[in-house]
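Step one of this worksheet: look at the structure below.
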Amino acid sequence: DLTDDIVDEFIREGALMVQYARQRWHFYQTTWTLTTAIDQGAYNVETDPVSSPTGYVVAEIKHLYRPDGTEIFFDSVDVADGGESSGNPESYRTWGTTLTLVPTPTAIEAIQVVGYRKPVDWVDVGAGEMPDTPAVFDGVIRLWALGRAYAHQEDHGAAGFYSDHASFHLDRLVKQLDDLPPGRIIMNSSGPKTNYWVTKGTELQYPRIVT
């Protein structure tokens, strides 16, 4: 017999197989607000509740925008300390889980952050939770768990059958989700600025701001 803990582990393996099939799945993209503090340039996006997405751990930061829609661009200089001057943030740096705004803010602002979060481990969360993947992958996870269950009982023929089918269906879904419709433009006017958001499928790619 298989205990609940063992079955949970098989399902976890199936979920991880889905989650790591792509470096960054679009369904893990998220946006959140980073509230700046006066004379504070560095923010921990993993542990600081005012600069991290609620309930999630940040995997990657892609874009930052000021309240007026102006983009704060990434600075490729790899340094851990803050900016050398103070003012309105014009760029940002990352070092581990620390995000540093440059120059150091002199006012409180609500900065919009667009990035990717890490998947939630549904076993660690507790009873009643589900794998942190879209429902379209449920069949893949189920097939993988069945294959692992048969392997545990040393039925290697059945184990190989279900594991192969899990991989086949995952490859098919990855191709299907990769073949998204062409990018489209969404226009949003606000005061003197017009934001043109370029998207691919359900993923927000980047804005173009016209004054």
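Each reported figure results from applying straightforward, stated rules to the coordinates on display, with no laboratory input. Not measured: the values here are computed from a predicted model. Glycine also receives a Cβ, built like all others from the backbone with ideal geometry; neighbour counts cover every protein chain displayed.
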Exercise for the section: Would you mind computing, in nm to one decimal, how far apart the modelled labels at H156 and D5 are, each placed 7 Å from Cα along Cα→Cβ? Expected result: 2.8
Fill in the blank from the handout: Any residue on another chain or 5+ positions along whose placed amide H is under 5 Å from the amide H of T104 is listed here as G83, S85, S86, G87
Handout entry: Ranked by how many other beta carbons lie within 10 Å on average, peptides 105-113, 20-28 from highest
Key = 105-113, 20-28
Exercise for the section: Amide H neighbours of E46 under 5 Å, at least 5 residues apart or on other chains, H built in the peptide plane: list them. Expected result: none
Practice task
Calculate, for S167 and D75, the FRET efficiency according to 1/(1 + (r/R0)^6) with r their C-beta to C-beta distance and R0 35 Å; round to the nearest 0.05.
Solution key: 0.30
Practice task
Place +1 on the Cβ of every Lys and Arg and -1 on the Cβ of every Asp and Glu in the stretch 1-68, take the dipole about the Cα centre, and give the residue among Q23, P53, G41 whose Cα lies farthest towards its positive end.
Solution key: G41
Handout entry: Other-chain or far-sequence residues with amide H under 5 Å of A59's (modelled H)
Key = Y116, R117, K118
Handout entry: Computed label-point distance, nm, for sites R66 and T35 using a 7 Å Cα→Cβ extension
Key = 2.1
